[in-house]
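Okay, structure first, notes after.
The values are calculated or read from the model by the stated rules, or taken from the named source; none is laboratory data. Values in this document were obtained by computation on a predicted structure and should not be read as measured data. Cβ placement follows ideal geometry from the backbone for every residue including glycine, while neighbour counts extend to all protein chains displayed.
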Amino acid sequence: MNREDWVQLGVLAIAAVGLPLVVAIPLKLSIWVVAAIIGVLLAAVAVRAVQLRNRGVEQWRALQPVAAPPPPAPARPVEYQLSGMPVASADQDYRFLLAARVFWRQVPKTAGWPNANPSALAMESILERAWEVTVQLDPQDCQLAQCRLAASLGVAARDKSGQVEAWAVDVALSLTADDQQRLAKLAELRKNEQLREEERVAERSARSYIAEDALATPSSAIVWWLARHPDQVDEAVRLREPLARLCAAVRQHEPATADWERPWVFPSHADGHVLAAVPDHQESPRNIATNLVHRLFPRTDEGPRRARFAEQLANLVSSHGRQDLADEIRADQGRSAIETTESEDQSA
């Protein structure tokens, strides 16, 4: 009740008591009659108070929000066992096999005509959702695909028509035994090929290092050997010629023989000047003698000494019965040496 209702009841209560008293004095009414009149009037006031109270309660209830009726209980889901259903993988030649417990229920009050086979709608929805997940995953990642698929299908979702909602539990993905064997063999082949390629790369690197660095020259070969055997200097000296032959073989010089082991000839210009030594593969006595002379006196300023030694060598060979060889030595060395001596004497 509001303030106006309380004022109204107060006025009515005062009137119910005061009015019988005012009337009873001039009419000389009995006190019992006056009390009865007052009681009746107060009863009427009480009735009015009850009416005002009920009206206030009704007004308060009218102001309260009307609670929405509780939604109807969802329909009990229908269970369907899905087993051995092929779904795509990232490799078009391999398919996963899907097994799961599928639950679905119809959605009430949907637009459009209801489908006569709602279970087919539920299966289609589950397979489409599974396909979206598995088509992105490699068949070798079967366990990973199963975890992702279980998380995705565990959420209830409506199909494209909105008439059913479906979800799945106990999701399992697998491959056929033949596909598992093929994938295992392919993985092993890829690993072996990768290993062989790494071995080839390491071998090419080692060959390049040995050919282009360690055995590039006889000097670098000796340094390379000493770096691996720093306390075997004498052995390095002994291996000087074998390492030189090895360097020549690496550089594809044929035959793989050090220059100092080859016989040499010394052709001359028409004017008699000696050219640089060139290797010759014919080991004749004449070449051996000529090689000896120029190995002992390699410098060009040693021409007179070289000529005298050649003459002495020719005399020695002639004294042992090889006049032909002596003539050849003089022919190769004598004329150029004599001309060199004469030119030096004239300049002096």
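Considering only the stretch 49-79, how many residues are touching a helix residue (DSSP H, G or I) at 6+ places or on another chain (Cβ under 6 Å) and at pLDDT 75 or above? Give the steps one after another, and end with the answer.
To start, the set of residues in the stretch 49-79 that are touching a helix residue (DSSP H, G or I) at 6+ places or on another chain (Cβ under 6 Å) comprises 49, 52.
From what is left, the residues that are at pLDDT 75 or above are 49.
Qualifying residue count for the region: 1.
Those residues that are surrounded by 11 or more Cβ atoms within 10 Å (Cβ to Cβ) and hydroxyl-bearing (Ser, Thr, Tyr), I need them from the stretch 68-114; list them, please.
Matches in the stretch 68-114: Tyr80, Ser89, Tyr94, Thr110.
Got a sec? Which of Ala289, Ala244 is modelled with pLDDT of 85 or more and of a type outside the set (Ser, Thr, Tyr)? Quick ask: steps written out before the conclusion?
Details: Ala289 fails: modelled with pLDDT of 85 or more.
Checking each option against the conditions leaves just Ala244.
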